[in-house]
Amino acid sequence: MHNGHLPVVLKRLAALAAFAALCAVPAHAQTLSARIDGDVLNDQAGAAVGGGFDVNGDGADDVIVGLPYRDVTGINDGVARVYSGATGALIHELSYAQPYARFGTAVACTGDLNSDGRAELLVGAPLYDTGGTDCGMAYVFSGLTGAVLYAPGGS
């Protein structure tokens with residue numbers, strides 16, 4: 001009997017095996033399947049990337065990209081964008097604005113934490129001022145709605 005972590009471990013091992021197989025293919029024989037660019041100078045799109053879980057329920061693993069220097073409502077507050085692994089379409093743009101928080105410095109997809117059938121999204125903002133200056137904040141967003149589920153902060 002397992003505690004529910006076995007499927008996640010097996011999925012990650014399969015992703016690692018697929019990555020290893022890709023690395024075994026010479027660069028000249030590889031083709032680019034998708035490219036995601038920042039759209040503003042100094043966004044730092046791709047500073048953090050994650051994936052490996054289906055966020056929108058279409059059966060394909062999706063991708064989350066951090067843009068920690070993106071200016072949304074303040075300087076360097078940052079965003080994270082979730083893209084469809086099947087089509088490349090934008091699924092969610094996540095933010096929790098605070099100037100200089102650098103939201104999107106760390107990103108990840110995880111399994112279904114709230115039993116809605118969709119993977120959740122993790123986003124870090126290491127310079128978020130919550131319990132003091134630059135204490136940081138980690139956010140868990142619903143993959144289904146993009147709403148904040150949890151936000152455990154530093155102190």
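Quick rundown of the values:
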| read-out | value |
| --- | --- |
| Stretchable slack from residue 90 to residue 149, in nm (0.36 nm times residue separation minus alpha-carbon distance) | 19.2 nm |
| Portion, in percent, of the accessible area of the stretch 37-125 that falls on carbon or sulfur, probe 1.4 Å | 49 |
| Residues with amide H under 5 Å from that of residue 51, placed H, sequence gap 5 or more | 64, 109 |
| Cβ-based net charge around residue 151, under 14 Å, with every Lys or Arg adding one and every Asp or Glu removing one | -2 |
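The values are calculated or read from the model by the stated rules, or taken from the named source; none is laboratory data. Just so you know, these numbers come straight off a predicted model, no measurement behind them. A quick note on method: Cβ atoms are made from the backbone with ideal geometry, for glycine too, and the neighbour counts reach across all protein chains shown. What goes into the accessible areas is simple: the full protein's heavy atoms, side chains included, and nothing from ligands, DNA or RNA. Shrake-Rupley method; radii C 1.70, N 1.55, O 1.52, S 1.80 Å.
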